[in-house]
Amino acid sequence: MPETPPVPILRPAGRDAKIPPLRLTRALVDRLPARVDEEGPVMGDPVPDSYYTEMTATLLAEADPGGLWVFASGSLIWNPRMPVIERRHARVHGWHRSFCLGPSRRNRGSPSRPGRMMSMDRGGSCHGIVQRMTPGNEAADLEALLRLEPPCPPVWVRGKTPSGVVRAIAFTAHPSYWGYSPECGIDELADILASSVGTRGTMAEYLLNTCEHLAEAGIHDRHLWRLQAMVVERLERLPEHAVQEAADAGRP
C-alpha cells in the first residue's frame, strides 16, 4: 500500500516542548549505499493464508464498537499502510520500543550487512500514536496490514490519549516468535544501525525516519535519541560517497 497522507494528531498540550534536536541528518545517512541487491532467504516456516483470515476475524470480533484502533510506535506513524480517519497521541504501559527482531538479512539488512528491526518488547511504557482505521472496509484493510507485519499475533493494549483511553492492537515481538532476539548492547546496536543496508534501504534511514516523526508528534524517546547520536559518530568516520562508490564499483 502506498504511503498514506497523514491525518493531524491530537496530542496533549506541551508535548512539543524540550525535544532535543537530532544530530543525524540525511547527508550523513547518504554516506551509506542507498540500497544493495544482496538479499537473504525468507526465514521461518511458511505462513498459511488461514492465519491472516482467522486473525482478522478474531481481532475484529474483539474490537470495541467505536472502531478498530492500531497503536503505532515506529514506521506505522508515518506510513500506516491502512486508511486512517483519526490519530491521537497515546501512552501504553507494559511495552517499550526495542530492536528485538533480527538479525535481519532482508529489506534493510543483507547477509553481509545484517540489520535489526524495531518492534515492541515487554516492560516499561511507550509513547506513540493510536490510529483509528477508516470504517467501511475493515476486514480487507486489516488483513492487508497483517500481511505486511511479522506473523506474530498482535496484542491488545490500552492507550491513554488526550480524549480518554482506547483499546488498540499493537504489533509486538513475543519471545516464542522465531525472529525474536533481545536487543543487544547499545554499542553493538549502534554499529549495526550505522552499517546495515538491504534492498529497501538502510537502518540509519529507518532510525532517522522514526526519530523525525516522533519529534513531529511531540515524542522524545531518550533511547532512540542516544542511538542516533552514536550512529552519527560512526557515520562521520566514513568519507562522503566513499561507501557508495565502493558499492557501485563492486568492491567489498
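Summary table below
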{"item": "Accessible area in square angstrom per residue, the chain, 1.4 angstrom probe", "result": "49"}
{"item": "Pair ARG23, ALA144: separation of 7 Å Cα→Cβ label points (nm)", "result": "4.1"}
{"item": "Global form of the range 1-126, assessed from the alpha-carbon gyration tensor, a/c cut-off 1.5", "result": "oblate"}
{"item": "The range 39-184 - charge dipole about Cα centre, Lys and Arg +1 at Cβ, Asp and Glu -1, debye rounded to 20", "result": "700"}
{"item": "Loop-located chymotrypsin sites (Phe, Trp or Tyr not before Pro) in the range 145-188 whose Cβ has at most 13 other Cβ within 10 Å (DSSP)", "result": "TRP178"}
{"item": "With every protein chain in place, the chain: carbon and sulfur % of accessible area (1.4 Å)", "result": "53"}
{"item": "GNM result for the chain, Cα springs below 10 Å: residue of CYS184, CYS211, CYS100 fluctuating most strongly", "result": "CYS184"}
{"item": "3J(HN,Hα) from dihedral phi, the range 60-69, Karplus parametrisation 6.51/-1.76/1.60, rounded to Hz, x for glycine, proline", "result": "5, 5, 8, 5, 6, x, x, x, 9, 10"}
{"item": "Spin-label model distance (nm) - ALA34 vs HIS93, 7 Å beyond Cα toward Cβ", "result": "4.7"}
{"item": "Hz values of 3J(HN,Hα) by residue in the range 198-207 - Karplus curve (6.51, -1.76, 1.60), Gly and Pro given as x", "result": "x, 5, 10, x, 10, 6, 4, 5, 4, 4"}
{"item": "Identified option (computed Cα extents along the principal axes in Å; candidates (1) 58, 42, 39; (2) 56, 46, 32; (3) 53, 38, 27)", "result": "(2)"}
{"item": "Taking all pairs of distinct alpha-carbon atoms in the range 40-81, Kirkwood radius in angstrom", "result": "13.0"}
{"item": "For GLY201, distant residues with modelled amide H under 5 Å away", "result": "VAL36"}
{"item": "Net charge, VAL47 excluded, C-beta distance under 13 Å - Lys, Arg +1, Asp, Glu -1", "result": "-4"}
{"item": "Point-to-point label distance, VAL7-ARG167, nm (Cα→Cβ direction, 7 Å offset)", "result": "1.9"}
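The values are calculated or read from the model by the stated rules, or taken from the named source; none is laboratory data. Keep in mind that what you see is a predicted model, and the values were worked out from it rather than measured. Note: ideal-geometry Cβ built from the backbone for every residue, glycine included; neighbour counts use all protein chains shown. To get the accessible areas, we keep the full protein, side chains included, count just its heavy atoms, and leave off ligands, DNA and RNA. Shrake-Rupley method; radii C 1.70, N 1.55, O 1.52, S 1.80 Å.
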